[in-house]
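S.K.: Below are the structure tokens for one structure; questions will follow.
The values are calculated or read from the model by the stated rules, or taken from the named source; none is laboratory data. Note that the structure is a prediction, hence the values are computed from the model and not measured. So basically every Cβ, Gly included, is an ideal-geometry build from the backbone, and we count neighbours across all protein chains shown.
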Amino acid sequence: MSAQQAATVGELNPEQLASRLAREGVGVRIGPLDVLFRVRADGIAPPFRQLYAQHPLLSHDRVFSGHLDLREVWQWRPRPHRKVRFTVDGQQPHENMPAAQGLAVLEWGLNLVIALRFQSFLMLHAAVLERQGAAVVMPAQPGQGKTTLCAALAHRGWRLFSDEFGMMRTAGGGFLPLPRPMPLKNASIAVIRQFAPEAWIGPEIAGTLKGTVAHVRPPAGSVAGAQTPAPARWIVFPRWQAGAALRVREVAKGEAFMRTAANAFNYELLGESAYVAVRDIITASRCFELVYSDLDSAVAAFERLANDDLG
Amino acid sequence: MTSAERARIAAEEARIRQCLCNAVADPAWLLELAPRDLDVTLRLLRRARVLGRVAWRLRERGMITAFAHPVPDILNSALIAAEARARVGLWELDRVAWALANEAPAPLVVLKGCAYLLCGTPNAAGRLFSDLDLLVPRDRLEFVESALLRKGWQAASLEAYDVKYYREWAHELPAMTHPEREVEVDLHHNIVMPTGRLKPPADLLLSRTRAVPGTPFSVLDPIDMTLHAMTHLFNGGEMDSGFRELLDIADLLAHFSAQDAGFWSAFWPRAEALGLVRPAFYGLRYANRCLGAPIPLEVLAASAAAAPPLPIRSLMDEIVPRALFPSHPDRSRLGQRVARSLIYARSHWVRMPPLMLASHFVHKVTARYLRRGEVDKPEAA
């Protein structure tokens, strides 16, 4: 299929994608964001093509939400020491990173761009998934198993919105899907490989700030539904605890409000409109705390949640 | 580089400057742009730190939703960020007022961004506020500083040399920040370094300030405020926000001259009285040339007396626009880097006598070299 006809990233053949990434860039629609990726670094294009396989390709005749650029830094050094430079609109937010971590640098770079540039959305630091038209929102700090649980649920009948950003317009209209590759860390990689053998998982990238990282491709159905928002119906505060038996406790709305507000990336920046938005989410939702160690029993608890059979 | 390439780059630079000027002069012009041109113009506006300003004016005219996705999100985000920064700035000002409420009164003159917010000058709308700058009489400086320190502000931890630089030579103290907030408060006793060639008498500035009703603060007289904006841009040497600062100057000139019929006739004599004629010359010249700000001919003529010698003037005409305007985000910025470095170097030349500048330079280079050694160690290991 020719480049002109390709509708998704995966429909470009590997050479077309690599050459487009390196030259004019590849425009990708990710939920409410139209992102232009330019990549001039070896080894990124093949996993990029898999991870974004089902994402819609965009023509260049538009305004992009962000222009991301990753390129290898020219150096007189042997390959293992090579670095990549990440820039947004020509500005470099952090120092050069090892070239071997390029894919993770690009994905984290997009996180940074979203967190800094999209203040017209309330942004919770939360995983969000949908079932039967209603969203479950999981606000959590790093290390609580948010991404792992999210990747698991996305392969058990829940539609993925995001493992990282719970995004909604403060004017209302529900949460917006932002289906992106999910970065599993360390032991979670093997856990998900076993839990969802059908999942496409990218290369294991060792030695990052967060240890070894591997990205899970968002399921095709989630990417296809990326323009369909959903209102919040459940708030779940997940906490992974080694060896713990599954515990579910309903959380009072006042406490849930405080924890959700504190979890937002831009609560203070938005001011009153964020307060109203979080209040409305909490008012419309049942709120739970979930402590777990075993993924199967946690996923079963979400099944009961969907059937309103929990707590 | 071939001459054709050079011509292409020059044409592109000219186009970029025109895009920015059109967008700030009439934001509705953005609606007429082809998507690709709108894309690059929005990026340039963001880089020039004026996207919030343009978004503000588009909202005023109900035009934000007239753009295709995702432009409304981009504009609203810039607006919300600018409004949040303004709130943060005014809140810091409120906290300073609280901290000094029961202290012996001292004149507290709010400068630059926060002053624009307090006065509601047109450039304040959608402007990205950064630091809180206050001017106080030199003999009250330590008093105000210690009052803020008692109420929880903390001075940035600096090397001994930098402390000496601030305390002995600079026109401001090391920045103070309250640990619960992130706004830098800079206490000034003058608007330029007293070691430099410009020596505006601070008491002359302080003698004409205007009180801001309902606050313990005052702001500079309109002409002085405009002269300060000019001096900051052409003596400060930091050109990253240069376009925005020149826009401030053009806005202040237009706003104050419309408010007060005597503004222009008093302008140049005041610049002379304060000894700020050189930055005033540059301010008028480039606000007029780069942004088309209307300046009465007799004021331009009077200012010509303060022009530098012709070779310098030609050089400045060449490098100031290069440094001021943001460059294309996807192109190399060598020309701009050179221009900005020259202006940075010039700002040091005019701020310090040669011997002092030489010793400052030696210190900074040595310090950087030593620091670099430290950073490199872990990587080499």
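S.K.: Tell me which residues, restricted to the stretch A:12-36, are within 11 Å of chain B (Cβ to nearest Cβ) and assigned to a loop (DSSP other than H, G, I, E, B).
M.R.: Correct list: A:Glu24, A:Gly25, A:Gly31, A:Pro32.
Each row is one residue, and each column tells you yes or no for (1) surrounded by 22 or more Cβ atoms within 10 Å (Cβ to Cβ); (2) within 20 Å of the chain's Cα centre (by Cα); (3) not polar (S, T, N, Q).
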residue	(1), (2), (3)
B:Val110	yes, yes, yes
B:Leu118	no, yes, yes
B:Leu128	no, yes, yes
B:Ala155	no, no, yes
B:Glu159	no, no, yes
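S.K.: While we're on this one: Quick check on the stretch A:37-57: of everything there that is assigned to a helix (DSSP H, G or I) and without any contact (Cβ under 8 Å) to a residue 60 or more places away in the chain, which residue is farthest from A:Leu110 (Cα to Cα)? If you could, list the steps in order and put the result at the bottom.
M.R.: The initial filter retains those residues of the stretch A:37-57 that are assigned to a helix (DSSP H, G or I), namely A:45-51.
Checking which are without any contact (Cβ under 8 Å) to a residue 60 or more places away in the chain leaves us with A:45-46, A:48-49.
On the way: A:Ala45: 16, A:Pro46: 18, A:Phe48: 13, A:Arg49: 16 Å.
Filtering first and then ranking leaves A:Pro46.
S.K.: Considering every residue within the stretch A:109-130, establish whether at least one is more than 14 Å from chain B (Cβ to nearest Cβ) and hydroxyl-bearing (Ser, Thr, Tyr). Reasoning before the result, please.
M.R.: Of the stretch A:109-130, the ones more than 14 Å from chain B (Cβ to nearest Cβ) are A:109-112, A:124-130.
With hydroxyl-bearing (Ser, Thr, Tyr) added as a condition, the list becomes none.
The answer is no, given that none of the residues of the stretch A:109-130 is more than 14 Å from chain B (Cβ to nearest Cβ) and hydroxyl-bearing (Ser, Thr, Tyr).
S.K.: Would it be correct to say that B:Ala81 is within 20 Å of the chain's Cα centre (by Cα), facing chain A (nearest Cβ under 9 Å) and not aromatic (Phe, Trp, Tyr)?
M.R.: Details: within 20 Å of the chain's Cα centre (by Cα): yes; facing chain A (nearest Cβ under 9 Å): yes; not aromatic (Phe, Trp, Tyr): yes.
Yes: the conditions hold for B:Ala81.
S.K.: Do we have any residue at all in the stretch A:123-137 that's in contact with a Pro (Cβ under 9 Å, 6 or more places away or on another chain), outside the structural domain of A:Gly109 (by TED's automatic domain parsing) and among the β-branched types (Val, Ile, Thr)?
M.R.: Looking through the stretch A:123-137, at least one residue is in contact with a Pro (Cβ under 9 Å, 6 or more places away or on another chain), outside the structural domain of A:Gly109 (by TED's automatic domain parsing) and among the β-branched types (Val, Ile, Thr).
S.K.: Could you grab me the full set of residues in the stretch A:240-260 that are within 15 Å of A:Ala126 (Cα to Cα) and modelled with pLDDT of 95 or more? Before you say what the answer is, go through the steps one by one.
M.R.: Here is the first cut: in the stretch A:240-260, the residues within 15 Å of A:Ala126 (Cα to Cα) are A:240, A:256-260.
Within the stretch A:240-260, A:Ala256, A:Phe257, A:Met258, A:Arg259, A:Thr260 qualify.
S.K.: Say we look at the stretch A:37-55 and pick out the residues that are within 14 Å of chain B (Cβ to nearest Cβ) and surrounded by fewer than 20 Cβ atoms within 10 Å (Cβ to Cβ); which of these is farthest from A:Arg180 (Cα to Cα)?
M.R.: A:Arg40
S.K.: Now for a different question. For the stretch A:268-282, name all the residues that are out of contact with any strand residue (DSSP E or B) (no Cβ under 8 Å at 6 or more places or on another chain) and more than 8 Å from every other protein chain (Cβ to nearest Cβ).
M.R.: Once the filter is applied, which keeps residues that are out of contact with any strand residue (DSSP E or B) (no Cβ under 8 Å at 6 or more places or on another chain) and more than 8 Å from every other protein chain (Cβ to nearest Cβ), the stretch A:268-282 yields A:Glu272, A:Tyr275, A:Val276, A:Arg279, A:Asp280.
S.K.: Which one is nearest to the chain's Cα centre (by Cα), of the residues in the stretch B:95-105 that are under 16 Å from B:Ser218 (Cβ atoms) and in a helix (DSSP H, G or I)?
M.R.: Looking at residues that are under 16 Å from B:Ser218 (Cβ atoms) and in a helix (DSSP H, G or I), I get B:Val96.
S.K.: Hey, could you check the stretch B:51-73 for residues that are of a type in the set (A, V, I, L, M) and over 24 Å from the mean Cα position of the chain (by Cα) and say which is nearest to the other protein chains (Cβ to nearest Cβ)? Talk me through it step by step, then tell me what you get.
M.R.: Step one: list which residues in the stretch B:51-73 are of a type in the set (A, V, I, L, M), which gives B:51, B:54-55, B:58, B:63-64, B:66, B:68, B:71.
Now drop any that are not over 24 Å from the mean Cα position of the chain (by Cα), which leaves B:63-64, B:66, B:68, B:71.
On the way: B:Met63: 15, B:Ile64: 10, B:Ala66: 13, B:Ala68: 7, B:Val71: 5 Å.
Applying the filter and picking the extreme gives B:Val71.
S.K.: Also: Give the residue, chosen from A:Val88, A:Val84, A:Val105, that is in contact (Cβ under 8 Å) with a residue 40 or more places away in the chain and at negative phi. Spell out how you get there, then give the answer.
M.R.: Working: A:Val88 fails: in contact (Cβ under 8 Å) with a residue 40 or more places away in the chain; A:Val105 fails: in contact (Cβ under 8 Å) with a residue 40 or more places away in the chain.
That would be A:Val84, the only listed residue that is in contact (Cβ under 8 Å) with a residue 40 or more places away in the chain and at negative phi.
S.K.: Would you say B:Ala147 is within 16 Å of the chain's Cα centre (by Cα) and hydrophobic (A, V, I, L, M, F, W, C)? Give the steps one after another, and end with the answer.
M.R.: Values: within 16 Å of the chain's Cα centre (by Cα): no; hydrophobic (A, V, I, L, M, F, W, C): yes.
In short, no.
S.K.: Under the condition of being free of Cβ contacts under 8 Å to residues at least 60 places away in the same chain and over 22 Å from the mean Cα position of the chain (by Cα), which residue from the stretch B:10-25 is nearest to the other protein chains (Cβ to nearest Cβ)?
M.R.: Applying the first criterion (free of Cβ contacts under 8 Å to residues at least 60 places away in the same chain) to the stretch B:10-25 yields B:10-11, B:14-15, B:18-19, B:22-23.
Next, only the ones that are over 22 Å from the mean Cα position of the chain (by Cα) stay: B:10-11, B:14-15.
On the way: B:Ala10: 19, B:Ala11: 20, B:Ala14: 19, B:Arg15: 17 Å.
Looking at the filtered set, the residue picked out is B:Arg15.
S.K.: Can you confirm whether A:Val213 is touching a residue at least 60 places away in the same chain (Cβ under 8 Å) and not polar (S, T, N, Q)? Don't jump to the end; show me each part of the working.
M.R.: Details: touching a residue at least 60 places away in the same chain (Cβ under 8 Å): yes; not polar (S, T, N, Q): yes.
So A:Val213 fits the description; yes.
S.K.: Could you list, in sequence order, all residues of the stretch B:257-296 that are under 26 Å from B:Val54 (Cα atoms), in a helix (DSSP H, G or I) and under 18 Å from the mean Cα position of the chain (by Cα)?
M.R.: B:Tyr282, B:Gly283, B:Leu284, B:Arg285, B:Tyr286, B:Ala287, B:Asn288, B:Cys290, B:Leu291
S.K.: Output the helices (runs of 4 or more DSSP H) that fall wholly within the stretch B:152-252 and possess 1 or more residues being in the same structural domain as B:Pro279 (by TED's automatic domain parsing) and closer than 30 Å to B:Gly292 by Cα, or say none.
M.R.: Details: elements: B:160-164, B:202-206, B:222-236.
Output list reads B:222-236.
S.K.: While we're here: Among (1) in contact with a helix residue (DSSP H, G or I) (Cβ under 9 Å, 6 or more places away or on another chain); (2) of a type outside the set (Val, Ile, Thr); (3) in a helix (DSSP H, G or I); (4) touching a residue at least 12 places away in the same chain (Cβ under 8 Å), which single condition is B:Phe129 missing?
M.R.: Checking B:Phe129 against (1) in contact with a helix residue (DSSP H, G or I) (Cβ under 9 Å, 6 or more places away or on another chain); (2) of a type outside the set (Val, Ile, Thr); (3) in a helix (DSSP H, G or I); (4) touching a residue at least 12 places away in the same chain (Cβ under 8 Å), the one that fails is (3).
S.K.: Then there's this: So, in the stretch B:26-50, exactly how many residues are of a type in the set (Phe, Trp, Tyr) and within 9 Å of chain A (Cβ to nearest Cβ)?
M.R.: Here is the first cut: in the stretch B:26-50, the ones of a type in the set (Phe, Trp, Tyr) are B:29.
Going one step further and asking which of them are within 9 Å of chain A (Cβ to nearest Cβ), we end up with none.
Number of matching residues: 0.
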